[in-house]
Amino acid sequence: MALIVQKYGGTSVGSVERIQAVAQRVYKTVQAGNSLVVVVSAMGKTTDGLVKLATEISANPNRREMDMLLSTGEQVTIALLSMALQELGQPAISMTGGQVGIVTEAEHTRARILDIKTNRLSRYIKDGKVVVVAGFQGISSVEEMEITTLGRGGSDTSAVALAAALKANFCEIYTDVPGILTTDPRLVPEAQLMDAITCDEMLELASLGAKVLHPRAVEIARNYGVPLVVRSSWTDDPGTWVTSAKVQERSLINLEIARPVDHVEFDTDQAKVALLRVPDKPGVAAKLFGEISRQNVDVDLIIQSIHEGNSNDIAFTVTTPILKRAEAVAAAIAPALRSQSSPKSEEAEVMVERNIAKVSIVGAGMIGRPGVAAKMFATLAQAKVNIEMISTSEVKVSCVVDAADCDRAVAALRTAFEIEAGELLSREAGEARKEKLILLSPSSSSSPSSPSSPLVRGVALDMNQARLAIRQVPDRPGMAAQLFGLLAQHNISVDMIIQSQRCRVIDNVPRRDIAFTVSQVDGENTQKILTQVAAELGWGEVVLDCAIAKVSIVGAGMVGQPGVAAKMFEALAQHQINIQMIATSEIKISCVVAQEQGVKALQVIHAAFGLAGSEKFVVPA
Ligand code: ADP
Ligand code: ASP
Ligand code: MG
């Protein structure tokens, strides 16, 4: 007999008929000899409707009252589903988040789960009842009992957290698609279903815009090793398993806010090649990385920043032994990238830096916690380490620094994040971990370079981002710390962070531009906050662009495959889509493009990687 947590999303419980169909499935699962906890969302688009009501009354509704309002949606569903089960003769009881004892932070509208008191749940389960729990909600503390919500899409997180707390055999997420597909079938009907995907890959996909799972749910599954499957509530098809490595038993206290950083990584065998002043037009990145992949040069980080005027900088890192080859390719291609019209001083130029090191912090606990990256930057600043490049992913922040600073940087980070010796990974150890990641990836059964394994598992689009650029930021230790520390204080999460390679000396101070993306809702506020301090800190103008889209590819198999980036850039170039920013990590590449080209970008990249199937998906209304 298994203990299963099932979660049904809004569409799956969108009508009386749907609730009855869910009750039938639950009943059958119990008849098959299982114990069940069922987590449900609000019916259909109820939550959207409630949000709309609130905004009709207030432009900036009080967050506590928002939680009071939104939590009612789920409460309707739990009562109706329990009644439907009782009609079938199945003993069932509905419970709110508070009644279950889901205790969260006191952060209204975005609370993280701290603890789940399972006694009452376990008692009902033992009595043979199906417990129907309201997803998306909790209480701030047992004494205060303030209702909190976990953030939109948070019912997935409620379900996986319950599965972890109850040590359930597995957690099933029932939704309106047959499982996790290579991309959103609403935008690309040819998207294909996957049998399985690793937690690491899904974490990136979910946070880069694939709405099918709440990223925090994937994070909990990964941290606690909860077997997780996404399935259609319309069929009995097997769906998609989200796989995780075996994990050590972990305390359930502070469930979602346990240690944010698990490892510090470093690599001293790195060199940087930068092309400055390449023209800002479609096809440039494609040309450069096409040639790089033809010469079989494996690049690690790629970063492209935007600039005033009409030229960009593109920088990438390679391991030292292949630097010569990389440099030769860049030097050979630079003349071809020169724009005809620009004056001599504005021509593309190659810059090489031999003695650099990459230091990274790694951990799923940093998702949505802007303070973690800020703390890394502050720690490096205190250690007087200047940051040359920054690259972020959902679970990792990497900084390129001078090789001479590496030991100092690592020591400072270890102290700041309480990292034991065994949790420090050198490049070799990191490589071994990457290998493990690849082997764990269900797509690559044999070797990472096996031609049959898809390098790219999925493509995601995020249309809810805004881009900010700060001009002429003085290039000295502590600038990133100041900037991101300030945003962290306002609880603003920064996504892609890109520093330009080009330094300009103004008033005897070397300066760089810094660009980054934030959630669109935070765009204007971020601009306001930064503009207020710009003069005092000696920064130039703060520019905001809300009409952007971020398109990303994800796949553990892309490690050590030079052609992947080139293929993505080439697909965009062929369709005349200009790339504004590029940022990579080991398992993802993201490009910022104009918003109006976002969907097209998603479609052409999906097709370029051969992910389209012959069947078309029709998502239920
Ligand atoms: P639920 O209400 O069941 O939680 P959501 O609307 O939150 O459902 O998530 C399911 C939706 O996620 C799908 O209808 C689909 O449009 C979207 N989606 C985005 N990316 C993907 C993907 N890679 N695979 C499957 N669905 C995706
Ligand atoms: N009902 C909430 C929402 O629409 C939570 C969820 O469905 O996951 O965001
Ligand atoms: Mg959802």
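The values are calculated or read from the model by the stated rules, or taken from the named source; none is laboratory data. Bear in mind that the values here come from a model prediction, so they are computed numbers and not experimental data. Cβ coordinates were reconstructed from backbone atoms using ideal geometry, including for glycine residues, and neighbour counts include every protein chain displayed. Accessible surface areas use protein heavy atoms only, side chains included; no ligands, DNA or RNA. Shrake-Rupley method; radii C 1.70, N 1.55, O 1.52, S 1.80 Å.
Table for the structure above
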quantity: Strands (runs of 3 or more DSSP E) contained entirely in the range 511-595, each with at least 1 residues that are of a type in the set (Gly, Ala, Ser); calculated: 548-554, 581-585, 588-594
quantity: Flag if Ala469 is out of contact with any Leu (no Cβ under 6 Å at 6 or more places or on another chain), modelled with pLDDT under 90 and of a type outside the set (S, T, N, Q); calculated: no
quantity: Qualifying positions in the range 323-369 - under 18 Å from Ile390 (Cα atoms) and either in contact with a Leu (Cβ under 6 Å, 6 or more places away or on another chain) or modelled with pLDDT of 85 or more (or both); calculated: Met351, Val352, Glu353, Arg354, Asn355, Ile356, Ala357, Lys358, Val359, Ser360, Ile361, Val362
quantity: Residues within the range 122-151 that are at pLDDT below 95 and within 16 Å of ligand 3 (Cβ to nearest atom), tallied; calculated: 1
quantity: Qualifying positions in the range 113-132 - in contact (Cβ under 8 Å) with a residue 40 or more places away in the chain and over 23 Å from Tyr8 (Cβ atoms); calculated: Leu114, Asp115
quantity: Inter-residue pairs, beta-carbon under 8 Å, first under 13 Å from Leu50 (Cα atoms) and free of Cβ contacts under 8 Å to residues at least 12 places away in the same chain and in the range 60-85, second part of a helix (DSSP H, G or I) and away from ligand 2 (no atom under 12 Å from the Cβ), 6+ apart; calculated: Pro61/Ala54; Pro61/Thr55; Glu65/Ala54
quantity: Some residue of the range 92-107 being at negative phi, in contact (Cβ under 8 Å) with a residue 40 or more places away in the chain, in contact with a Gly (Cβ under 8 Å, 6 or more places away or on another chain) and among the charged types (D, E, K, R); calculated: no
quantity: Selection count where residues are at positive phi and within 13 Å of ligand 1 (Cβ to nearest atom), scope the range 130-169; calculated: 3
quantity: Selected residue (only one of Gln527, Gln532 is in contact with a strand residue (DSSP E or B) (Cβ under 9 Å, 6 or more places away or on another chain), open to solvent by 50 Å² or more (accessible area, probe 1.4 Å) and not acidic (Asp, Glu)); calculated: Gln527
quantity: Any hit, the range 173-195, residues being over 14 Å from the mean Cα position of the chain (by Cα), within 13 Å of ligand 1 (Cβ to nearest atom) and more than 25 Å from Val551 (Cα to Cα); calculated: yes
quantity: Qualifying residue in the range 468-483 (condition: among the basic types (Lys, Arg) and either in contact with a helix residue (DSSP H, G or I) (Cβ under 6 Å, 6 or more places away or on another chain) or crowded, with 22+ Cβ neighbours inside 10 Å (or both)); calculated: no
quantity: Close pairs from the range 237-255: first hydroxyl-bearing (Ser, Thr, Tyr), partner open to solvent by 50 Å² or more (accessible area, probe 1.4 Å), Cβ under 7 Å, at least 6 apart; calculated: Thr240/Leu193; Thr240/Asp195; Thr243/Leu440; Thr243/Pro442
quantity: In the range 377-387, residue modelled with the highest pLDDT [restricted to those that are buried (at least 22 other Cβ atoms within 10 Å of the Cβ) and assigned to a loop (DSSP other than H, G, I, E, B)]; calculated: Val385
quantity: In the range 494-510, residue farthest from the chain's Cα centre (by Cα) [restricted to those that are part of a strand (DSSP E or B) and crowded, with 21+ Cβ neighbours inside 10 Å]; calculated: Gln499
quantity: Strands (runs of 3 or more DSSP E) lying entirely in the range 1-109 (those with 2 or more residues that are open to solvent by 30 Å² or more (accessible area, probe 1.4 Å) and either away from ligand 3 (no atom under 16 Å from the Cβ) or acidic (Asp, Glu) (or both)); calculated: 92-95
quantity: Strands (runs of 3 or more DSSP E) lying entirely in the range 134-232 (those with 3 or more residues that are more than 24 Å from Val521 (Cα to Cα), within 15 Å of ligand 2 (Cβ to nearest atom) and open to solvent by less than 30 Å² (accessible area, probe 1.4 Å)); calculated: 170-175
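Here is a yes/no grid of residues against (1) under 29 Å from Lys567 (Cβ atoms); (2) touching an Asp or Glu at 6+ places or on another chain (Cβ under 9 Å); (3) polar (S, T, N, Q):
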residue	(1), (2), (3)
Ala271	yes, yes, no
Asp280	yes, no, no
Glu291	yes, no, no
Asp298	yes, no, no
Thr317	yes, yes, yes
